[in-house]
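Let me begin by presenting the structure, written as structure tokens, before commenting on it.
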Amino acid sequence: TPVATPSVPGAALPTEQLADGVHLILGAGAASVAFDFGSYSVVMEAPGNEQRSAAVIAETKRLIPGKPIRYVIATHHHFDHIGGLRSYVAEGATIVAHQVNKRYFERELARPRTLNASLDAAQQGSLKVKVLPVGDRRVLAGGKQRIELLHMRGNMHNAGLLIAYLPARKMLIQADLWG
């Protein structure tokens, strides 16, 4: 039986341009960041659920038109940061996460959703979960964009916590660093 596509709110989410090709996407107490990498886009954080991620995906496509979302950066595996990852998997995006979370994401996102399955875009096809692991550091670069993903060793909040540094803009993006 066909699975319903997550509904996307009609109004655009509140956004703020932080720098050229860097957009903060707000709404519902959660935040994501969309980056323009020239021929593709990258989104950092997939909080909430499939509906929230469907709205962020739509907003990313509005802000950075004609470019597929190639990567979604998961700063860590807590539910309030990854609740909508399945929507990005359905888009064909590769999850970028610390290596301690690789097997967890591959295993859990490959399982069928049993609660509210009608919202699960990933179950509409037979998509393979792709995870690009980060050790202590990994650089994503394309177009005019460069992001250095850094592992925050010894962080008490999460053993696999990542932060993003944009050297050209002298900008640091983090989620739940303290705690």
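Observations on the structure shown:
- Summed residue charge, Cβ within 15 Å of Ala168's Cβ, Lys/Arg positive, Asp/Glu negative: +1
- Here the relative contact order of the range 39-106, from alpha carbon pairs under 8 Å that lie six or more residues apart, stands at 39 percent.
- When the surface is traced with a 1.4 Å probe over the full set of protein chains, Tyr104 keeps roughly 80 Å² accessible.
- 3J(HN,Hα) along the range 137-146: 7, 8, 10, 10, 9, x, x, 9, 9, 9 Hz, from the Karplus curve 6.51 cos²θ - 1.76 cosθ + 1.60 with θ = phi - 60°, whole Hz, x for Gly and Pro.
- Environment charge of Gly143, counting only residues whose C-beta is closer than 13 Å and scoring Lys/Arg +1, Asp/Glu -1: +2
- Leu161 long-range amide H proximity, modeled H, under 5 Å: Met152
- Subtracting the Cα-Cα distance of Leu24 and Gln174 from 0.36 nm times their residue separation leaves 52.8 nm of extension gain.
- The residues packed around Tyr71, meaning those with a beta-carbon under 11 Å from its beta-carbon, carry a net charge of +2 if Lys and Arg are +1 and Asp and Glu are -1.
The values are calculated or read from the model by the stated rules, or taken from the named source; none is laboratory data. Note that the structure is a prediction, hence the values are computed from the model and not measured. Neighbour counts are summed over all protein chains in view; Cβ atoms, including those assigned to glycine, are modelled from backbone coordinates with ideal geometry. Keep in mind that these areas ignore ligands, DNA and RNA; they rest on the heavy atoms of the full protein, side chains included. Shrake-Rupley method; radii C 1.70, N 1.55, O 1.52, S 1.80 Å.
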